[in-house]
Structures are given as structure tokens and as C-alpha cells.
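Data first, discussion second: the structure below is written as C-alpha cells.
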Amino acid sequence: MNKVLKRVLIVFLCVVVGLFAIASGLQLSVVYAENSWVNWYADYEKIDIEEILFKKNKTEEDYAVLYAQTGLTKLGVDGLVERGQYRKILEIQDFYLKEQTVECSSFFPYTYLEKLTGYSGTLCALEDGDIIISATTHSFFLRVGHAVIVVDGDLGLVAEALCPGSVSELVGSSTMTGLANYMVLRPTGIPVEIRKQVAEYVKKEMVGLPYDATIGLFSKKFPEKIENTQCAHLAWYGYKKFGYDIDGNGGLIVQPRDFFKSEYFEVVQIFGFDPEKLWR
């Protein structure tokens, strides 16, 4: 009996040690993913950009200055100027150059999200079909990021698939502006009318779908009838439905970063990303 008890005890201890080692390894992987990325924030002074903003014909140098001061590319600046929203550009500049503090918290086992502890940012003039991505979500060794698709630019309404256990839903674009970084992408390589159709399709047909992080790996990436999705897949499937594959690397699982790599997109606005490296 003593031998049996000893064996049981040894097995039990081995299991406990093994589980502890696995849990420690997983936690270390999370720490690695967190520390392998640095959210970028400006360390230079704010300048008066109003004179440049009101210039009728801006030069490349002008747009370069505005990009450095606001994170808005030519697309982002022109979109707001055309609407006469100069004050909004100045608000974006104030926030872009403001010192930020970030907190990292878990919202799912071994999955973390980096958020700003202060105010949220201000977005450019959004258009239907735009995609907003972020590198703030990381799980294990991977910085998987997050993505939403704009389904109503005027209202700032986006479709989002958040995490396991949730369903895709319509939320305000402010869901992204409180994150430690975000990037607005516009599919300029796709006709405006198609973008609007994609936005309408996602809004009407892809809300309420259960979250599935592995779709494309253990199930079809592009099923005839969509029953599950995840954040990046939600936007990808909508465009694929209208004949455009916006997955930049064509992998089994589409990820937010893949949109940045896609030939169809141009950057409209950044925050928290290195303006030179972006998400490279």
C-alpha cells in the first residue's frame, strides 16, 4: 500500500509541476508579446499648422509636416479639409502630440489589451468600407491585434467581433480610439460603390455571428453560408463576397495586420504606430 501511495503521490506531484510549468510558460509568452512591441508616441514639439491647413495648394512638404503633427496622411487631411473640419484636425494634433499613459489588462485567459488611461482620440472623416486596425491585442507569443469595419461613416458606426463567447455587433468607432494604437485604412483600390455595398452587407447579414478564432483553420475560410467569424474575418468575408480578397498574405487565417499588407489599402490616419515603420 505504501508503494502505491508513493506512486500516486509522485504522479500527482509530476502533474502539478507540469501544469505549473505550462502555466508559467504561457504567462512568459504573454510577457514576451507585451514587451516585444513599443507603442510609439511623438517626442517632439507641437507647431502652429493653421497656415498650412488653409493653403489652397499644399506641397508634399506641407503634407509631411501635417503627417508628423497629426498622424493624418494626405487622404486624412484632404477628407477633413473638404468638409471644412479644420478644428477637428487641430483636435487630432493636440491628442497626437499629448503624452499618453497605457494600461495592459486581460479580457480573456492569456489574452491582453492595451488601452489609454486618459481621453480617447479623434478619428478622421470615415467612409463606408474603411477598416480600422490595432496592434494592441496580444495572446501568448502573438500580437494578433484587432480590426473593425466601418458600416456607416457618417454615424461612425462599425461592425466588430470582439472575443470568444461574444457575437459580432454594431458599435461606435470610439471602441477603437481608446486603444493604445490604431490605424485607419481605406480601400482606394476598390470602387466606392462596392465599398458601400460591402458595408451594407456586413451591417445586414453579418451581425450576431458567434466568434470563432480558428475559422479558416479547422473550417472553410469562405463558406457559402457564414455562421461564425472573428474580427478580421468579418471585414475580409464582406469584401470577398463582392469579389475582392483583401487578405494581404492569403493565409488560412486572416489577421488585422494582413489588411495593412494588402495592395487595396492606403493609410488614412495613425496613432500609436511609428510613422515610418507603421506595422512592419
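When the strands (runs of 3 or more DSSP E) confined to the range 41-137 are screened for residues that are open to solvent by 80 Å² or more (accessible area, probe 1.4 Å) and farther than 27 Å from Asp154 by Cβ, those reaching at least 1 such residues are found at 102-108.
Pairing each residue of the range 131-160 that is more than 16 Å from Cys104 (Cβ to Cβ) and acidic (Asp, Glu) with any residue that is open to solvent by 10 Å² or more (accessible area, probe 1.4 Å) and in a strand (DSSP E or B), provided the two are 6+ apart or on different chains, yields C-beta distances under 7 Å for Glu160/Glu169; Glu160/Val171.
Selection over the range 229-254 of residues that are under 22 Å from Ser166 (Cα atoms) and either of a type in the set (Ser, Thr, Tyr) or not in a loop (DSSP other than H, G, I, E, B) (or both) gives a count of 9.
Residues in the range 144-162 that are under 11 Å from the mean Cα position of the chain (by Cα) and over 17 Å from Gly178 (Cβ atoms): Val144, Ile149.
Going through Pro187, Pro164 one at a time, which residue ends up being in contact with a strand residue (DSSP E or B) (Cβ under 9 Å, 6 or more places away or on another chain), open to solvent by less than 10 Å² (accessible area, probe 1.4 Å) and touching a residue at least 12 places away in the same chain (Cβ under 8 Å)?
So the residue among Pro187, Pro164 that is in contact with a strand residue (DSSP E or B) (Cβ under 9 Å, 6 or more places away or on another chain), open to solvent by less than 10 Å² (accessible area, probe 1.4 Å) and touching a residue at least 12 places away in the same chain (Cβ under 8 Å) is Pro187.
Considering (1) within 30 Å of Glu99 (Cα to Cα); (2) hydroxyl-bearing (Ser, Thr, Tyr); (3) without any contact (Cβ under 8 Å) to a residue 12 or more places away in the chain, the lone condition that Tyr119 does not fulfil carries the number (3). Checked against the criterion of being touching a helix residue (DSSP H, G or I) at 6+ places or on another chain (Cβ under 8 Å), farther than 25 Å from Gln100 by Cβ and open to solvent by 70 Å² or more (accessible area, probe 1.4 Å), the candidates Lys241, Lys204 yield just one match: Lys241.
Within the set Phe273, Phe265, the sole residue that is among the hydrophobic types (A, V, I, L, M, F, W, C) and open to solvent by 10 Å² or more (accessible area, probe 1.4 Å) turns out to be Phe265. Evaluating Ser219 against the criteria (1) out of contact with any helix residue (DSSP H, G or I) (no Cβ under 7 Å at 6 or more places or on another chain); (2) assigned to a helix (DSSP H, G or I); (3) over 27 Å from Glu103 (Cα atoms); (4) open to solvent by 40 Å² or more (accessible area, probe 1.4 Å) leaves one unmet condition, (2). Looking only at residues of the range 185-214 that are part of a loop (DSSP other than H, G, I, E, B) and touching an Asp or Glu at 6+ places or on another chain (Cβ under 9 Å), we find that the one that is nearest to Gly172 (Cα to Cα) is Val207. Of the residues examined, Leu170 is one that is surrounded by fewer than 19 Cβ atoms within 10 Å (Cβ to Cβ), among the hydrophobic types (A, V, I, L, M, F, W, C), without any contact (Cβ under 8 Å) to a residue 40 or more places away in the chain and under 25 Å from Ser262 (Cα atoms).
Of the numbered conditions (1) farther than 30 Å from Asp78 by Cα; (2) part of a helix (DSSP H, G or I), Phe260 fails exactly one; give the number of that condition. The single condition Phe260 does not satisfy is (1). Filtering Lys241, Lys203, Lys221, Lys196 for residues that are charged (D, E, K, R), modelled with pLDDT of 95 or more and in contact with a strand residue (DSSP E or B) (Cβ under 6 Å, 6 or more places away or on another chain) leaves a single hit, Lys203. With respect to the conditions (1) within 21 Å of the chain's Cα centre (by Cα); (2) more than 19 Å from Glu114 (Cβ to Cβ); (3) in a loop (DSSP other than H, G, I, E, B); (4) aliphatic (A, V, I, L, M), Ile226 falls short on a single one, namely (1).
The values are calculated or read from the model by the stated rules, or taken from the named source; none is laboratory data. No experiment lies behind these values; they were computed from the predicted model shown. Cβ coordinates were reconstructed from backbone atoms using ideal geometry, including for glycine residues, and neighbour counts include every protein chain displayed. Calculation scope for accessible area: heavy atoms of the full protein, side chains included, ligands and nucleic acids excluded. Shrake-Rupley method; radii C 1.70, N 1.55, O 1.52, S 1.80 Å.
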